[in-house]
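All remarks here apply to the structure that follows.
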């Protein structure tokens, strides 16, 4: 029996996937096409199990980082009850096939999902996404917003015992800790200024429920008919103020949030008010303080980008994506303050 790999790459993991496929999928399975999947974790691999007599099934295995405490985005098994609840309530996801916390299989916790043959509406790189004419981008965005409403309608009761809901104060405090890990004095000052504005204007009674946490069109897969096939990357999902997802999508599509060096690469652009109107029309609910949630998104992503750029700059985790986004950190914090200084009746 092969032991766990010392490094998690496609070549090292193939014999372990082969063993798994013969034990779980079919005795004559042969594993082919092992490749790393897109994303920043480096711990997801796609592969296909082919039978000697014909037939094949494709999967994605997601692995917890070995030797790292299981928490948040490093706890892949945390997603299992969430994914099952989403499937039960007809939210499009990649179905769960198998999971384990037994290190005998892969040397770490593992989650296997069925591979969904679909592509995202990629935010910046058309070669990585579904190919649609520019005029059809708003149509796909509307479908993404409709799917977000479906996510927000999943009853909290279906996730009983999954985790405690976060308050706005808890959500802000979490990102405070991330921001403190940055070491740029100007970013820290600008981020803390935005944080103070967020605290002063925080909604008194936010709508609480399931949120995705990183809801953008890179994480929404579309099939060949341009219909939503699956929402992926649930690593930072939680229970708490749901409209942070809408604010996040608004931020991602709003050129005013970004430095010109990134703005010029954006191919999924929308006016925040159009996304807001679609969400309200589909959900039948009025969103209170939408600018506040977009400003919160600016704070969250600014903190994430500042932290990851520090890891990149110090060589602890090289990531050219965050190197390219570094000039936008200050722009995000500035945009967040601007949003909070304008009345919510004037959503851009």
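Since every read-out is calculated from the coordinates, none of them should be taken as a lab result. As the structure is a computational prediction, the values presented were derived from the model and not from experiment. Ideal geometry is used to build each Cβ from the backbone, glycine not excepted, and the neighbour counts take in all protein chains shown.
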Open item on the list: Just to verify a number: FRET efficiency for residue 226 and residue 163, C-beta to C-beta distance, R0 = 56 Å, to 0.05?
Closed with: 0.95
TODO: Would you mind checking the tilt of helix 290-313 against the longest principal axis of the Cα atoms of the chain, expressed as 0 to 90 degrees and rounded to 10?
DONE: 60
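What length, rounded to one decimal in nm, is gained on full extension from residue 132 through to residue 146, with 0.36 nm per residue of separation minus their alpha-carbon distance? Could you put the intermediate results ahead of the total?
Values: separation 14, 0.36 × 14 = 5.04 nm, distance 1.88 nm.
So the extension gain works out to 3.2 nm.
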TODO: Based on alpha-carbon positions alone, could you give the equivalent ellipsoid semi-axes of segment 217-284 from the gyration tensor, as √(5λ), descending, whole Å?
DONE: 20, 17, 15
Task: Calculated log₁₀ intensity ratio I(q)/I(0) where the Debye formula runs over C-alpha points of segment 269-348, q = 0.15, 0.19, 0.21 Å⁻¹ - done: -0.63, -0.83, -0.91
TODO: Would you kindly state how much longer the chain becomes between residue 186 and residue 269 on full extension, computed as 0.36 nm times their sequence separation minus their alpha carbon distance, in nm to one decimal?
DONE: 27.1 nm
Task: Which label in (i) 21.0, 75; (ii) 22.4, 69; (iii) 20.6, 66 gives the computed Rg and Dmax of the Cα atoms in Å - done: (iii)
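By the gyration tensor of its Cα atoms, with a ≥ b ≥ c the square roots of the eigenvalues, what is the shape of segment 143-281: rounded for a/c under 1.5, prolate for a/b over b/c, or oblate?
Details: a/c = 1.77, a/b = 1.13, b/c = 1.56.
Oblate is the answer for segment 143-281, as a/c is 1.5 or above yet b/c matches or exceeds a/b.
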Open item on the list: What whole-number distance in Å separates the alpha-carbon centres of segment 60-136 and segment 304-348?
Closed with: 25
- [ ] Compute the acute angle (0 to 90°) between the alpha-carbon long axis of helix 185-200 and the principal axis of greatest extent of the alpha-carbon atoms of the chain; round to the nearest 10°.
- [x] 70
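Can you tell me how much longer the chain between residue 10 and residue 80 gets when fully stretched, taken as 0.36 nm per residue apart minus their C-alpha distance, in nm with one decimal? Please list the in-between numbers first.
Working: separation 70, 0.36 × 70 = 25.20 nm, distance 2.36 nm.
Length gained, residue 10 through residue 80: 22.8 nm.
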Open item on the list: Bins of 5 Å, beginning at zero and ending with the bin holding the largest distance: percent of Cα pairs per bin for segment 10-114, please.
Closed with: 2, 12, 22, 24, 20, 13, 5, 1, 0
Open item on the list: For the chain, take the longest principal axis of its alpha carbons; what is the angle in degrees between that and the long axis of helix 272-283, to the nearest 10 within 0 to 90?
Closed with: 70
